[in-house]
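Asks: Once you've had a glance at the structure underneath, I'll fire off some questions.
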Amino acid sequence: MKVLVINSGSSSIKYQLFDMGDESVLCSGLVERIGEEVGSLTHKIAPDTDAADKLALEQPIPDHEVGMTLAIDLICGERGVVKDKSEIAAIGHRIVHGGEKLHQPTLVDDSVVEELEKIIPLAPLHNPGHLAGISVARSLFPDVPQVVVMDTAYHQTLPPEAYMYALPYELYDELRIRRYGFHGTSHCYVAKEAARVVGKSFEEFNVITVHLGNGCSMTATKNGKAVDTSMGITPLEGLVMGTRSGDVDPALHALLARTKNMTSEDVDRMLNKESGLKGLCGMNDMRDIHAAIAKGDEKAKLALDVQTYRNRKYIGSFMAVLGTVDAIVFTAGIGENDNIVRRESVKGLECFGVKIDEEINAQRASEPLKISTDDSSVAVWVIPTNEELAIARETKDVLNG
Ligand code: AMP
């Protein structure tokens, strides 16, 4: 069975085609800068093998339909890894926000699309792009079942004390204002992987998963169920991210309205797009930040310190939530690659039994790597996330009933 996984953003479409027989990636690609003067498409054939081959093109890509059509031509055309569209058994779509109603992986029909439209205000940066992707995929593949897999799903097990805000209760009743949590597909995948490599049953496993990429979030999983997470009603709350602030005093909106005449949209944009690492030092890529620190850039150092301090604070609070912690897991772009961020994020937690081995921590690995010392009472792991494979598995499971 071949499953195509699509992660459609506001100006990009990421895709991977899986052969679910052996879960290998047949091809993958990224369409970028949709709607800009010049867009780009990078398409890789058998990306994880020695026979990997890459195609790249640059041309105007005015909308998602053009972007997806270009990608489908490469997947199924003359040089494609499948000869006909009909070989694709199902399409799985990554959805950032499913609200309170959509949490199980679900077959797409008009009512699902309507529900996703309704919750656009909860994820204005993400859900419109997903809807564009679904709409184009449905028109290009009218007979292929499409499944939505929600990033909010894994956190549906949070208890009320973790998901409720201390706000007037009517806001929850009327508008479902509560904490939802995000990156759930990633947290679920690496938490299960961690249980596997540690050799414990997931149902008895307590783990803190630290997803540090462009977006950053942390989840506490107790006995195989998510019990708390750093992100809230939108993917803005919690850790310091590339361009997102994470936690701020909620009085900030009113203060900036009074002192700088900013509208709530201005403040929202600032918190989502002009804050985080970028707000502090002008750069949102951790590799650039390290290069700047090496040249003596103090703001870059401050950005690193603010991010890693926040990580540490959350790890400590989630240790208190869990009581017993079997493992802490780092994942995603920064978490998998940046030994300095990992080291600084657990600095000072030795008194709680968290000790990492600096030499192992400095190693690069594409497989799960244990970076804690043998006498650390909490195992610390780096585990590459694979949200696309997790979505492909969920999609296959929905099809198989
Ligand atoms: P993701 O959202 O998981 O794709 O992560 C993207 C982010 O990971 C980038 O913005 C970088 O900040 C970070 N990143 C990627 N590669 C590295 C690396 N080798 N070292 C440090 N950070 C990295």
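Asks: By how many nm would the segment from ASP22 to LYS83 grow when fully extended, if each residue of separation counts as 0.36 nm and the alpha-carbon distance is taken off?
Replies: Residue separation times 0.36 nm, minus the Cα-Cα distance, leaves 20.0 nm.
Asks: In sequence order, what are the phi-derived ³J(HN,Hα) couplings for segment 389-401 according to the Karplus relation 6.51 cos²θ - 1.76 cosθ + 1.60 with θ = phi - 60°, rounded to whole Hz, with x for glycine and proline?
Replies: For segment 389-401, the Karplus curve yields 5, 4, 5, 4, 5, 4, 4, 4, 4, 4, 5, 7, x Hz.
Asks: Please report, in debye to the nearest 20, how large the charge dipole of segment 23-80 is about its Cα centre when each Lys and Arg carries +1 at its beta carbon and each Asp and Glu carries -1 there.
Replies: So the magnitude is around 100 debye.
Asks: Provide ILE315, ILE334 in ascending order of the number of other Cβ atoms located within 10 Å of each residue's Cβ, fewest first.
Replies: Ascending Cβ contact count within 10 Å gives the list ILE315, ILE334.
Asks: Grab the other residues whose beta carbon is less than 13 angstrom from that of LEU271, score K and R as +1, D and E as -1, and report the net.
Replies: Around LEU271, the surrounding residues sum to -3.
Asks: Rounded to the nearest 0.05, what FRET efficiency do SER111 and ILE340 have when you use their Cβ-Cβ distance and R0 = 56 Å?
Replies: So, using R0 = 56 Å, E works out to roughly 0.75.
Asks: Treating the chain as a set of equal point scatterers at the Cα positions, no solvent, please give the Debye-formula log₁₀ I(q)/I(0) at q = 0.07, 0.08, 0.14 Å⁻¹.
Replies: Here log10 of I(q) over I(0) equals -0.33, -0.44, -1.39.
Asks: Given H placed 1.01 Å from N in the peptide plane, which residues other than close sequence neighbours of ASP247 have an amide H under 5 Å from its amide H?
Replies: Here GLY238, LEU239 satisfy the definition.
Asks: If you don't mind, another one. To make sure I understand, if each residue's beta carbon is the centre and we count other beta carbons within 10 Å, what order do VAL190, VAL5, VAL144 fall in, fewest to most?
Replies: Ranked by crowding around the Cβ, least crowded first: VAL144, VAL5, VAL190.
Asks: A further question follows. Can you tell which of VAL207, VAL136, VAL148 shows the greatest fluctuation in a Gaussian network model of the chain with Cα springs below 10 Å?
Replies: VAL136
Asks: Continuing with the same structure: Determine, from the Cβ-Cβ distance of VAL38 and GLU174 and an R0 of 41 Å, the FRET efficiency 1/(1 + (r/R0)^6), rounded to the nearest 0.05.
Replies: That gives a FRET efficiency of 0.35.
Asks: Cα-based Rg of segment 250-303 per 2.2 N^0.38 Å, rounded to two decimals?
Replies: Relative to the 2.2 N^0.38 Å estimate, segment 250-303 comes out at 1.39.
Asks: Suppose each label sits 7 Å from its Cα in the direction of the beta carbon; what would the ASP50-GLU204 distance come out to in nanometres?
Replies: Simple spin-label model gives 4.2 nm for this pair.
Asks: Further, regarding this structure: How much net charge surrounds SER376 when only the other residues with a Cβ under 12 Å from the Cβ of SER376 are counted, with Lys and Arg +1 and Asp and Glu -1?
Replies: In short, -3.
Asks: Also, I was wondering about something else. Fewest first, what order do TYR163, TYR169 take by the number of other Cβ atoms within 10 Å?
Replies: Least to most surrounded, the residues fall as TYR169, TYR163.
Asks: Rounded to whole Å, give me the distance from the Cα center of segment 240-299 to that of segment 308-340.
Replies: One Cα centre to the other: 22 Å.
Asks: Can you give the charge dipole size of segment 1-141 about its Cα centre, rounded to the nearest 20 debye, using +1 on the beta carbon of Lys and Arg and -1 on the beta carbon of Asp and Glu?
Replies: Using Cβ point charges on Lys, Arg, Asp and Glu, segment 1-141 gives about 80 debye.
Asks: Kindly state, to the nearest 0.05, the FRET efficiency for PHE352 paired with SER264, given R0 = 41 Å and r defined as their beta-carbon distance.
Replies: FRET efficiency, PHE352 to SER264: 0.55.
Asks: Using unit Cβ charges (K, R positive; D, E negative) and no other charged atoms, how large, in debye to the nearest 20, is the dipole of segment 203-315 about its Cα centre?
Replies: Around 220 debye, computed over segment 203-315.
Asks: Between ASP143 and ILE120, 0.36 nm times their residue separation minus their Cα-Cα distance comes to what?
Replies: 5.6 nm
Asks: Roughly speaking, what is the centre-to-centre gap between segment 48-104 and segment 7-35 when only Cα atoms are used, to the nearest Å?
Replies: 5
A short reminder: the numbers here are calculations on the coordinates, not readings from a lab. Computed from a predicted structure; not experimentally measured. In this analysis, Cβ positions are derived from the backbone assuming ideal geometry, glycine residues included, and neighbour counts consider all displayed protein chains.
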